[in-house]
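Report on one structure; see the data block that follows.
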Amino acid sequence: MSFETMPERRRTLAWRLTCWYAAVFAASSLVALSVAYVLIVAQVRERTDADLREDVEELSDLLRTEGLDGFGEQLRLDLQGDETEDEFVRLSSRDGSLVLASDLDEFPGLPAPADSLLRSDSGAEAVLATLELAGRDHGVRVASAAISADYVVDVGETMEDDDEFVAGLLGRLAPPAAGAVLLAMPIGWFMARRALRPVEAVTRTATEIAAGAIDRRVALRDPSDELGRLAQAFNAMLDRIELLVGGMREMSDNLAHDLRSPLTRIRAAAEMSLSGDRSDGARASLAATATEECDRVLEMIDTNLAITEMESGAVRLDRTEIDLAQLVGEACELFQTVAEDRKLELLAELPNRCPLFADRQRLQRAIANLIDNALKYTPATGRVTVALSDDGHQVRITVADTGVGISPAETTRIFERFYRADGSRSEPGNGLGLSLSLANARAHGGGISVESVPGRGSRFTLVLPHHPA
Ligand code: ADP
């Protein structure tokens, strides 16, 4: 880890996670060890106090059974030799004067029994205190009690053993505590790297995609955890983007292809009108052809832009209260002459009224396109039926024909921009009509579906909800 990269490293999530892991790990280890230490020390102190209380009780029994002389004799026997350095017993009368005691030279400055003790009832619970005596390195734990109507006793014990045990304990606990603090950093780093490995995989994949490998995906480990779900969502997003990019590429290819023919015709007309041996009438006709072709190109571009705008949601619908029955009826009337020219029967099965809050112009265009297609792709003597129904939640407009039909493979593609079924190329069109109708329907919160049997006919259904989500 060089010094130049340190500040940058500090900004990484792995570094921050490592510090957090390390801090939490070290703190919890220290807390656990401290709690263990405090509990053990308390246990040691309690054991000493219990021993002293027991001594007081034994001395009280001894005085009662053996009298003062027996008490003194027993005391002399019990506290012989070295033990007098660590323990003492002192019997005092109720006026505070010393009656008898073990060797008190090792406990200089031992205070006289407290007044409260001298006045206390015999048999009362022993009182415990820790005394710091001048000249002794360790404290002295003392249990004092009135053991008869005439006497009080003090039993004391140096805390040297306890203090040494506690110091030894501290010495034993220090290495694991230091080890926990030292290990916290590498363990934290290991945990952080492990936790962030899937995030690194996502980053690596994104980098590869940015470098051009658009088909790369993140390898899924465990899709049930958060990072697994992130990888799954990331892959799903990439699939969608790939699909959209593919669609856009195909669309721009189609647009280029569809612009080529009219532009070639415009160029040919312009070239021919330039040759000197043309009459004025022929030149006017070529200019008209060029104008017509230009209009077609412009219409194609405008429709394309309208679809894009609609799909992006940038368009605000001009909704008003309209009568859909009237609107569909008018469209059918408008197409009646086309139907007659093609020797087709155009039927309208409409209710008297069908109110809907919608954008009149955009719906007009969508419905007109469905009827136009039905008439275009139905051979002479066929029939086209336009029907309208309303179940209170949504309005359904169906346009059914007895025409050429659409193969199952193509029913999913005809709503794509510029897509035209193979058998349809003899009819005029640019493959944008259904895309625009669908975009209009979706902008109203609805949609268009198709059922078709090749050679038997098709039925397009435009659904419009009364209350779009
Ligand atoms: P266009 O009619 O200009 O080709 P559309 O987007 O309106 O473009 O339709 C796309 C394609 O869907 C058509 O080329 C045709 O192949 C198919 N299609 C649409 N309506 C019908 C229909 N009623 N019957 C059979 N095929 C249809």
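Which of the numbered conditions does ALA213 fail, given that it passes all the others? Conditions: (1) in a helix (DSSP H, G or I); (2) open to solvent by less than 80 Å² (accessible area, probe 1.4 Å).
Among (1) in a helix (DSSP H, G or I); (2) open to solvent by less than 80 Å² (accessible area, probe 1.4 Å), ALA213 violates only (1).
Open to solvent by less than 90 Å² (accessible area, probe 1.4 Å) and at pLDDT below 85: is that true of THR48 in this structure?
No, not satisfied.
Is the stretch 324-341 home to any residue that is within 16 Å of the ligand (Cβ to nearest atom), aromatic (Phe, Trp, Tyr), over 16 Å from ALA441 (Cα atoms) and part of a helix (DSSP H, G or I)? Even if it seems obvious, please write down each step before you answer.
Narrowing the stretch 324-341 to residues within 16 Å of the ligand (Cβ to nearest atom): 331-332, 335, 338-339.
Filter once more, keeping what is aromatic (Phe, Trp, Tyr): 335.
After this cut, where a residue has to be over 16 Å from ALA441 (Cα atoms) as well, the list is 335.
From what's left, part of a helix (DSSP H, G or I): 335.
Yes: the stretch 324-341 contains one or more residues that are within 16 Å of the ligand (Cβ to nearest atom), aromatic (Phe, Trp, Tyr), over 16 Å from ALA441 (Cα atoms) and part of a helix (DSSP H, G or I).
How many residues are within 25 Å of the chain's Cα centre (by Cα) and open to solvent by 30 Å² or more (accessible area, probe 1.4 Å) if we restrict to the stretch 172-196?
Kept after step one, since they are within 25 Å of the chain's Cα centre (by Cα), are these residues of the stretch 172-196: 188-196.
Now restrict to residues that are open to solvent by 30 Å² or more (accessible area, probe 1.4 Å): 189-191, 193-195.
Within the stretch 172-196, residues that are within 25 Å of the chain's Cα centre (by Cα) and open to solvent by 30 Å² or more (accessible area, probe 1.4 Å) number 6.
If you go through the stretch 127-145 one residue at a time, do you hit one that is in contact with a helix residue (DSSP H, G or I) (Cβ under 9 Å, 6 or more places away or on another chain) and among the basic types (Lys, Arg)?
Among the residues of the stretch 127-145, at least one is in contact with a helix residue (DSSP H, G or I) (Cβ under 9 Å, 6 or more places away or on another chain) and among the basic types (Lys, Arg), which makes the answer yes.
Tell me whether the stretch 343-353 contains one or more residues that are among the aliphatic types (A, V, I, L, M) and at pLDDT below 95.
No: the stretch 343-353 contains no residue that is among the aliphatic types (A, V, I, L, M) and at pLDDT below 95.
VAL202 - would you say it is open to solvent by less than 40 Å² (accessible area, probe 1.4 Å), closer than 30 Å to ALA22 by Cβ and in a loop (DSSP other than H, G, I, E, B)?
Details: open to solvent by less than 40 Å² (accessible area, probe 1.4 Å): yes; closer than 30 Å to ALA22 by Cβ: yes; in a loop (DSSP other than H, G, I, E, B): no.
So VAL202 does not fit the description; no.
Rundown of residues vs (1) touching a strand residue (DSSP E or B) at 6+ places or on another chain (Cβ under 7 Å); (2) closer than 27 Å to TRP15 by Cβ; (3) at pLDDT below 85; (4) not acidic (Asp, Glu), yes/no style:
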{"site": "TRP189", "(1), (2), (3), (4)": "no, yes, no, yes"}
{"site": "THR207", "(1), (2), (3), (4)": "no, yes, no, yes"}
{"site": "ALA211", "(1), (2), (3), (4)": "no, yes, no, yes"}
{"site": "ILE214", "(1), (2), (3), (4)": "no, no, yes, yes"}
{"site": "ALA219", "(1), (2), (3), (4)": "no, yes, yes, yes"}
{"site": "LEU243", "(1), (2), (3), (4)": "no, no, yes, yes"}
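May I ask you to list the residues in the stretch 390-409 that are crowded, with 20+ Cβ neighbours inside 10 Å and either within 20 Å of LEU255 (Cβ to Cβ) or more than 12 Å from the ligand (Cβ to nearest atom) (or both)?
VAL395, ILE397
Pull out all pairs, ordered by first then second residue, where Cβ-Cβ is under 8 Å, the residues are six or more apart or on different chains, the first lies in the stretch 415-436 and is under 18 Å from SER458 (Cα atoms) and of a type in the set (A, V, I, L, M), and the second is at pLDDT 95 or above and more than 8 Å from the ligand (Cβ to nearest atom).
Pairs that qualify, where the first residue is under 18 Å from SER458 (Cα atoms) and of a type in the set (A, V, I, L, M) and the partner is at pLDDT 95 or above and more than 8 Å from the ligand (Cβ to nearest atom), are LEU434/ILE448.
Go through the stretch 125-148 residue by residue and tally those that are open to solvent by less than 40 Å² (accessible area, probe 1.4 Å) and free of Cβ contacts under 8 Å to residues at least 12 places away in the same chain.
Within the stretch 125-148, residues that are open to solvent by less than 40 Å² (accessible area, probe 1.4 Å) and free of Cβ contacts under 8 Å to residues at least 12 places away in the same chain number 0.
Under 22 Å from LEU434 (Cα atoms), without any contact (Cβ under 8 Å) to a residue 12 or more places away in the chain and surrounded by 12 or more Cβ atoms within 10 Å (Cβ to Cβ): does that describe SER261? Talk me through it step by step, then tell me what you get.
Numbers: under 22 Å from LEU434 (Cα atoms): yes; without any contact (Cβ under 8 Å) to a residue 12 or more places away in the chain: yes; surrounded by 12 or more Cβ atoms within 10 Å (Cβ to Cβ): yes.
Against the criterion (under 22 Å from LEU434 (Cα atoms), without any contact (Cβ under 8 Å) to a residue 12 or more places away in the chain and surrounded by 12 or more Cβ atoms within 10 Å (Cβ to Cβ)), SER261 qualifies.
Is it the case, given these coordinates, that PRO465 is touching a Ser or Thr at 6+ places or on another chain (Cβ under 7 Å), in contact (Cβ under 8 Å) with a residue 24 or more places away in the chain and more than 8 Å from the ligand (Cβ to nearest atom)?
Details: touching a Ser or Thr at 6+ places or on another chain (Cβ under 7 Å): no; in contact (Cβ under 8 Å) with a residue 24 or more places away in the chain: yes; more than 8 Å from the ligand (Cβ to nearest atom): yes.
Judged against the criteria, PRO465 is not a match.
If we keep just the residues of the stretch 415-430 that are under 15 Å from ILE371 (Cα atoms) and open to solvent by less than 50 Å² (accessible area, probe 1.4 Å), which is farthest from the ligand (Cβ to nearest atom)?
In the first step, residues of the stretch 415-430 are kept if they are under 15 Å from ILE371 (Cα atoms); the result is 427-429.
Then drop every residue that is not open to solvent by less than 50 Å² (accessible area, probe 1.4 Å), which leaves 427, 429.
Numbers: GLU427: 7, GLY429: 2 Å.
So the residue we want is GLU427.
Just checking, does the stretch 352-362 include any residue being within 27 Å of MET248 (Cα to Cα) and not in a strand (DSSP E or B)? Don't jump to the end; show me each part of the working.
Within the stretch 352-362, the subset within 27 Å of MET248 (Cα to Cα) is 362.
Among the residues that remain, those that are also not in a strand (DSSP E or B) are: 362.
The answer is yes; a qualifying residue exists.
So for the stretch 347-366 (the condition being loosely packed, with under 14 Cβ neighbours inside 10 Å, of a type in the set (Gly, Ala, Ser) and within 30 Å of LEU263 (Cα to Cα)), does at least one residue qualify?
no
So which residues in the stretch 342-357 are in contact with a Lys or Arg (Cβ under 6 Å, 6 or more places away or on another chain) and either away from the ligand (no atom under 16 Å from the Cβ) or among the polar types (S, T, N, Q) (or both)? So that I can check it myself, show each step before the final result.
Start the filter on the stretch 342-357 by keeping residues that are in contact with a Lys or Arg (Cβ under 6 Å, 6 or more places away or on another chain), which leaves 345, 357.
Residue satisfying the conditions is PHE357 alone.
Looking for something open to solvent by 20 Å² or more (accessible area, probe 1.4 Å), in contact with a helix residue (DSSP H, G or I) (Cβ under 6 Å, 6 or more places away or on another chain) and within 12 Å of the ligand (Cβ to nearest atom) - is there at least one such residue anywhere in the stretch 373-383? Give the steps one after another, and end with the answer.
Step one: of the stretch 373-383, the residues open to solvent by 20 Å² or more (accessible area, probe 1.4 Å) are 373, 376-377, 379-381, 383.
Remaining after also requiring in contact with a helix residue (DSSP H, G or I) (Cβ under 6 Å, 6 or more places away or on another chain): none.
No, the conditions are met nowhere in the stretch 373-383.
Residue by residue through the stretch 431-462, note down the ones that are open to solvent by 40 Å² or more (accessible area, probe 1.4 Å), within 12 Å of the ligand (Cβ to nearest atom) and either touching an Asp or Glu at 6+ places or on another chain (Cβ under 8 Å) or not acidic (Asp, Glu) (or both). Write out each step before concluding.
Within the stretch 431-462, the first condition is being open to solvent by 40 Å² or more (accessible area, probe 1.4 Å), and the residues that meet it are 442, 445, 449, 451, 453-456, 459.
Still in the running and within 12 Å of the ligand (Cβ to nearest atom): 451, 453-456, 459.
Result: VAL453, PRO454, GLY455, ARG456, ARG459.
Test THR412 against the criterion of being within 12 Å of the ligand (Cβ to nearest atom), of a type in the set (Ser, Thr, Tyr) and at pLDDT 95 or above, and give yes or no. Spell out the reasoning first.
Values: within 12 Å of the ligand (Cβ to nearest atom): yes; of a type in the set (Ser, Thr, Tyr): yes; at pLDDT 95 or above: no.
The answer is no for THR412.
Could you tell me which of the residues ASP78, ASP105, ASP55 is surrounded by 14 or more Cβ atoms within 10 Å (Cβ to Cβ) and free of Cβ contacts under 8 Å to residues at least 40 places away in the same chain? Before the answer, list the steps.
Details: ASP105 fails: surrounded by 14 or more Cβ atoms within 10 Å (Cβ to Cβ); ASP55 fails: free of Cβ contacts under 8 Å to residues at least 40 places away in the same chain.
Result: ASP78 is the single residue among ASP78, ASP105, ASP55 that is surrounded by 14 or more Cβ atoms within 10 Å (Cβ to Cβ) and free of Cβ contacts under 8 Å to residues at least 40 places away in the same chain.
Among what's in the stretch 310-331 and is at pLDDT 85 or above and of a type in the set (Asp, Glu), pick the residue that is nearest to HIS467 (Cα to Cα).
Among those that are at pLDDT 85 or above and of a type in the set (Asp, Glu), it is GLU321.
So is ASP225 charged (D, E, K, R), over 30 Å from the mean Cα position of the chain (by Cα) and either open to solvent by less than 80 Å² (accessible area, probe 1.4 Å) or within 30 Å of ALA27 (Cβ to Cβ) (or both) or not? Before you say what the answer is, go through the steps one by one.
On the way: charged (D, E, K, R): yes; over 30 Å from the mean Cα position of the chain (by Cα): no; either open to solvent by less than 80 Å² (accessible area, probe 1.4 Å) or within 30 Å of ALA27 (Cβ to Cβ) (or both): yes.
In short, no.
The values are calculated or read from the model by the stated rules, or taken from the named source; none is laboratory data. Just so it is clear, the structure is predicted and the values come from calculations on it, not from any experiment. Counting neighbours? That spans all protein chains shown, and the Cβs are built from the backbone with ideal geometry, glycine included. Remember, those area values only see protein heavy atoms, side chains included, never the ligands or the DNA or RNA. Shrake-Rupley method; radii C 1.70, N 1.55, O 1.52, S 1.80 Å.
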